[in-house]
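Student: Below is a structure I'd like to ask you about.
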Amino acid sequence: MPGKRLKKVVIVGAGGLGRETLWLLRDQIRGGEKTEIAGFIDDAREKIGAKIAGLKVLGNSRWLMERLEEFEVVLAVGEINAKKRLAEKLQGQGAKFRTVIHPQVNCSPDASVGEGTIIFPQVALSANVRVGKFVLLNPGITLSHDVEIGDYSLIGSGAHLAGAVKVGEECEIGTGANLIPRVKVGAGTIIGAGATVLKDLPANVVAVGVPARVIKARL
């Protein structure tokens, strides 16, 4: 009886996050995941055909558009607006997105994670956590019970979100930030590294400090 066919995956983005995502996928394979990593996709002309971390850059996003039926896509683009544009473009063409969760993630059975999300090791997702689509969770994050993270948001390494915190879409939570229970963060808001958030924050602002205070609006 023939063996199970390997899933072919491409990593969109051949920069730092792309190389980190390659590491996550290779760890998944070592853990028994049946996956073939076909290569990188990148729109930088000088990268096409190059080898990065031993993996070839196969082509640009137009090249991928013509071959979407062949691959699952991991979207390893760190800048939120660029990631959203690319995700919507690929979704419109019927792309199938891979969610990448490192084997060392501690995830409650009733937590949920949306498609296209990338989760690094040493992240804890507690009871009833809800993580949206195309979210990036960096190493060492704690998401306590009933936390919700909106689509396309990015949470920095070592951030701690206490119970029932709600983070809107397209937010950036800085490295080492702390959010107390039941805080709500509006869509598009940035919280600086090391900030401690004690009260709700509106949409589209930048907040820093201990305690966190709004220093400007995002244009």
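Student: Could you grab me the full set of residues in region 156-177 that are closer than 22 Å to residue 104 by Cα and either in a strand (DSSP E or B) or in contact (Cβ under 8 Å) with a residue 40 or more places away in the chain (or both)?
Tutor: Residues satisfying the conditions are 160, 161, 173.
Student: Can you work out which of the residues in region 79-134 that are of a type in the set (Asp, Glu) and closer than 20 Å to residue 68 by Cα is surrounded by the fewest Cβ atoms within 10 Å (Cβ to Cβ)?
Tutor: 88
Student: Right, here's the next one. Might you check whether a residue that is modelled with pLDDT under 95 and either among the aliphatic types (A, V, I, L, M) or assigned by the TED database to the domain that holds residue 154 (or both) occurs anywhere in region 13-23?
Tutor: No, region 13-23 contains no residue that is modelled with pLDDT under 95 and either among the aliphatic types (A, V, I, L, M) or assigned by the TED database to the domain that holds residue 154 (or both).
Student: Further, regarding this structure: Does residue 29 satisfy the criteria of being of a type outside the set (Phe, Trp, Tyr) and touching a Leu at 6+ places or on another chain (Cβ under 9 Å)?
Tutor: no
Student: Further, regarding this structure: Which one is nearest to residue 77 (Cα to Cα), of the residues in region 123-155 that are of a type in the set (A, V, I, L, M) and part of a loop (DSSP other than H, G, I, E, B)?
Tutor: Once the filter is applied, the top-ranked residue is 135.
The values are calculated or read from the model by the stated rules, or taken from the named source; none is laboratory data. Not measured: the values here are computed from a predicted model. FYI the Cβ positions are ideal-geometry reconstructions off the backbone, even for glycines, and counts take in every protein chain you see.
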